[in-house]
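Worksheet: one structure, shown below.
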Amino acid sequence: MAALASLREPFPPGPTDPGAVLDLLDRVGSPGTVASAGPRFFGFVTGGALPATVAANWLAGAWDQEGGMEATSPTTVVLEEVAHQWLLEIFGLPAGTGVSFATGATMANFTALAAARGAVLERAGWDVEADGLQGAPPVRIVVGEEVHPSVRKSLGMLGFGRNLALVVPADTQGRMRADRLPPIEGPTIVCVQAGNVNSGACDPFGPIAEWARAGGAWLHVDGAFGLWAKAAPGRSHLVAGVERADSWATDAHKWLNTPYDSGLGFVRDAAVLRRAMAMSAAYFPVPVGRQPDHYTPELSRRSRGVEVWAALKSLGRTGLAELVEGCCHHAARFAEGLSAAGLEVLNEVVLNQVTVRVAPDPATTDRIVERIQREGTCWVGGTTWREVRAIRISVSSWATTAADVDRSLAAIVAAVRAETASGPSPRRGGRTP
C-alpha cells in the first residue's frame, strides 16, 4: 500500500507513453486492490464479475458509446430492450413495466422513488416535475425498522428527508411487521425490503401489498440482492407477492455478477417513470421507440446494459437459478460449520447471508475480523445487528465453491481461537439453517 504514494505526483508537464501509463497502473495499482472478484470475498454483497460480463465491459468500453439514445448507439438500445424483457420475465413483473439501467441500487431506488413521488402527488393534483415541492401536499413515507441506508439517502435526495419517515417495527429477522402497519392518510409511499443485509430475510409482501393497495399508497421494493431470489425456484417463495408492488430496485453487480456499476430500477407504469426522468432539447433527434435516456437520471452514460445482457445470455434461466441457489447452499454450509465450532449464528439462513457472533465483546470481534483479513484466506467484514457486534458473511460470487467455504471456515475458526484466550465464545441460543 505504501507504493500507492508514488502516484501522488504533480500534473505531468507533457505526455507519457501509454504503455508506461498502463505498466504503472498494473505495477503499483494492482497490489493495492481488494480481491473482491475472487471466490472467497464475503465482506459485502458483492458478486465477482462473470467472464462474459468482463469481456462485454471491455468491448463496450472500446465501442465508447453514449448509451442514452438510438442515434448515438443502436446496439445499446437493442440490447437494453432485450435485457429489459428478460428481466421482467425473471422477476415476474407485469408487461409494460419500465426499467432504468442506473449506476447501482442507490440510484435505482432514487429513480423509482422519483417516479413514486410524481405519481402520488399527481393523484393529489400536484405536478412535482413542473412545480417542485414548495407548496406541494405532504407525502407520508413509511419504512421498516431495518430499512437500508440507500433508501434513506434516496429519500433525502428527493426532498423527503432521511429521518422523517414513519418507521414500522421489525421482527427478530428484520422483517417489517405486517401487524403493526399504520393507517394510510393522504399521499403515501411505502418502502419494503427483499433481502435484509444481515439476515437475508424478506418483508411479507402479500399482506403489505393488500394494505397499501386498499389505502391507495405506492409500494416500492428495495431488492438490491434479494429480488434475485425470484430467479431460483427453490427460493422464490421467499419473495412471494413482490410482483404486486409499484416499483422495484436491484443491483446487477450483486447477484447477477456483472462489473460495477450496474443498478436496475423498475416502475410498473413506464409512463410514470418516463415522466419523472425524460428531458428534451432542440438538437436531439426525434425519438423512435424506447430511448434509454428517457428512463434514467443521466443523459451521458456508458452502455451498462451490454453487460446485463451478456450475463443473462451467458447464464440462461438454469444458469442464473444455479448461481443463486449455489450461493444459498454455500451460506448454509458456512452456518453449519460455524455452529458446529460452537459459534452463535444469529440469523435464520434463508438466502446468502450469515451473521455470526464470534466473541462476547465488540473489541475482540473487530480484532478477529482484522486477523482474518490479514491472514488472507478469505475476506469478511464486521457488522452490528440488533445490538450485537458480529461477523457478516455474504456469499454472492459465481466462482465460490464448497472447497472455498471449507478453507474459509477453517481460517475463521482458527482466527477466533487464536484471538480469544479461552477458545470460541459459547453458543447462546444460536440458530442453524
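The values are calculated or read from the model by the stated rules, or taken from the named source; none is laboratory data. Predicted model, so just to flag it, every value in this text is computed and none were measured. Counting neighbours? That spans all protein chains shown, and the Cβs are built from the backbone with ideal geometry, glycine included.
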Hey, Leu273 assigned by TED's automatic domain parsing to the domain that holds Phe110 and either in contact with a Gly (Cβ under 9 Å, 6 or more places away or on another chain) or part of a helix (DSSP H, G or I) (or both) or not: yes
Taking the conditions exactly as written (in contact (Cβ under 8 Å) with a residue 12 or more places away in the chain and not assigned by TED's automatic domain parsing to the domain that holds Asn57), does Asp293 satisfy them or not? no
Sort out which residues of segment 363-384 are touching a residue at least 12 places away in the same chain (Cβ under 8 Å), within 27 Å of the chain's Cα centre (by Cα), surrounded by fewer than 16 Cβ atoms within 10 Å (Cβ to Cβ) and not in a strand (DSSP E or B), and write them in order of number. Asp366
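Out of segment 203-226, which residues are closer than 17 Å to Val395 by Cβ and outside any loop (DSSP other than H, G, I, E, B)?
Selection gives Gly226 alone.
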Picking from Leu299, Leu238, the residue that is on the phi < 0 side of the Ramachandran plot and outside any loop (DSSP other than H, G, I, E, B) would be Leu238
Is there a residue being part of a helix (DSSP H, G or I), among the hydrophobic types (A, V, I, L, M, F, W, C) and modelled with pLDDT under 95 anywhere in segment 50-57? no
Filtered residues of segment 333-351 (kept if among the charged types (D, E, K, R) and either modelled with pLDDT under 95 or not in a strand (DSSP E or B) (or both)): Arg333, Glu336, Glu348
Here are some conditions: (1) within 20 Å of Glu66 (Cβ to Cβ); (2) touching a Pro at 6+ places or on another chain (Cβ under 7 Å). Pro285 meets all but one. Which one does it not meet? (2)
For segment 67-81, enumerate the residues that are touching a helix residue (DSSP H, G or I) at 6+ places or on another chain (Cβ under 8 Å), of a type in the set (Val, Ile, Thr) and more than 9 Å from Ser303 (Cβ to Cβ). Val77
